[in-house]
C-alpha cells in the first residue's frame, strides 16, 4: 500500500500535462491516505519513550550512561540477556552491567522510576530495547526534554499532549512550506516524511523525536521566502537540537557573500540560545563534556552497525556481510552469539569521502541557492540512523523537479528492498541514495545537465 502511494506520487509529480494546481490537489489527499494507512490506530512508540522520556525525566540520577543498568536491575526478567554497556558501548551479558546508582535517587524518585518503567513494559516495551545506544540528545534538547518530562506524569493528559507535539510542530512546518512553496511541495514533503523507509510507521507516538525536522522544514521554507533572521534562527536551532542539520549550511557558508547578513544574525542568536539553555540542565555546564564524549562514542559505534546510513557504514557493510548478519541476529533475538571479526574500511571511506566533498563543494559554488547541497557532504562524512535521513525532505523545497521524482523513487526502492531482505535492502537503499546524491549534488558525476526552474527563487 505504501509503495503504491509513493509510486502514484512519483507519477503525479512527473505529469506536467495535469497542471500544477490540479496536481497539488491530487497529491494532498494522497499524503492523507498514506497517513491513514500507517497511523489509523495510534501506537505509542515505547522504544522511543523509554529512551527519550524516561531517561530525560531521571537524567539528574541516570545521566547518559545508567538507564540500562537501572532498568535491567529492576526488571531483569523482562529484558534480553544481552545489553549495551553505555560506558564502553560494548554488548555484554545483562548481569554484568554496572550497578544502578541507587544513592542518586530519593525514595520517592525511585518509586516513580519503577512505576514509569512498569507502565512502559505494560504498553509493550521490547525486551531488546537495552541493546540500543541510550540517550544521545544534545544539551539544548535535554533542557526541554527534562523540563517537560518532569512536568507531566507518564500516561497523563499532559504526557499525551507532548507526544502529539511532534505532530503539531510538523503540521505547522508543512503549513509554512505550503505558504512558501505551494501546496504541491507541501504534499510531496508530507508524503516523503510518512513514506521514508527509515522511519516508516514510527513518525507518531514519540517523545520530542521530531522538533529538529519541523525546524529544518520551517527554516528551509523561510529561507526560500527570504525571511532571513527567522530562517537563520530556525536552521540554527535545528542544528542545536541534533547537530547534523548544520550540514544544510554548506551553501550559505560557501557563498557567504551572497547571503543576507540578517541570516547570520538569526544563526548567531540560535547559537546563543543553544549555549545558554543547554547549560541549564540538571548537570549544568558539566553536561557539555559528558555529551561530547557520548556522541563521539556513539558515532564510532554506529559506523560499524547495520541498518544505518552513511558512506563509511555502506563500505563497512559491503566488506563485512557476515559481521553485519551476526550483529543483526543478536540485536533481533537479544541472545548472545559469536560475531565475526570486521575489516576496517575507514581509510577507504576517508579517501572516497574527500573526493565527494571536493565534487560537491565545486558544484555548490556554481549553482543557484540550494540548502540540499549539504546532503552529499553529510553522507560522505557522518553515519546516521536511518530515520534521521528525513533531512532529505529539503530536496522538495528546491527547484529541481527531477530530483524530487528521483527521491520518491529512492524512498520506494529502499522500502521494497528492506521489506524483502532487511540486511541486503539496507545496502541497496544506501546505494540508491548515493546514486541520487551523486546524480544531483556532485559536479564530476553529472553526466548531462539537469534542468532547474529558478524563476521563483532569489537570484545569486
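The values are calculated or read from the model by the stated rules, or taken from the named source; none is laboratory data. A quick note: this is a predicted structure, and the numbers were derived from the prediction, not measured. Because the Cβ atoms are built from the backbone with ideal geometry, glycine has one as well, and the counts that use them run over all protein chains shown.
Listing for the model above:
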quantity	calculated
Answer residue from the range 245-266, given it is touching a helix residue (DSSP H, G or I) at 6+ places or on another chain (Cβ under 7 Å) and over 20 Å from residue 442 (Cα atoms) and is surrounded by the most Cβ atoms within 10 Å (Cβ to Cβ) among those	263
Single unsatisfied condition, residue 280 versus (1) closer than 23 Å to residue 396 by Cβ; (2) surrounded by fewer than 20 Cβ atoms within 10 Å (Cβ to Cβ); (3) touching a helix residue (DSSP H, G or I) at 6+ places or on another chain (Cβ under 6 Å)	(1)
Flag if residue 269 is touching a helix residue (DSSP H, G or I) at 6+ places or on another chain (Cβ under 7 Å) and in a helix (DSSP H, G or I)	yes
From the options 415, 423, residue that is buried (at least 19 other Cβ atoms within 10 Å of the Cβ) and either closer than 19 Å to residue 373 by Cβ or touching a residue at least 60 places away in the same chain (Cβ under 8 Å) (or both)	415
Test: residue in the range 300-309 that is surrounded by 20 or more Cβ atoms within 10 Å (Cβ to Cβ) and at positive phi	yes
Residue match in the range 322-337 (condition: in contact with a strand residue (DSSP E or B) (Cβ under 8 Å, 6 or more places away or on another chain), part of a helix (DSSP H, G or I) and under 30 Å from residue 61 (Cβ atoms))	yes
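One line per residue, one yes/no per condition, for (1) in contact with a strand residue (DSSP E or B) (Cβ under 9 Å, 6 or more places away or on another chain); (2) buried (at least 19 other Cβ atoms within 10 Å of the Cβ); (3) modelled with pLDDT of 90 or more:
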site: 295; (1), (2), (3): no, no, yes
site: 311; (1), (2), (3): no, yes, yes
site: 320; (1), (2), (3): no, yes, no
site: 340; (1), (2), (3): no, no, no
site: 344; (1), (2), (3): no, no, no
site: 347; (1), (2), (3): no, no, no
site: 352; (1), (2), (3): no, no, no
site: 359; (1), (2), (3): no, yes, no
site: 363; (1), (2), (3): no, yes, no
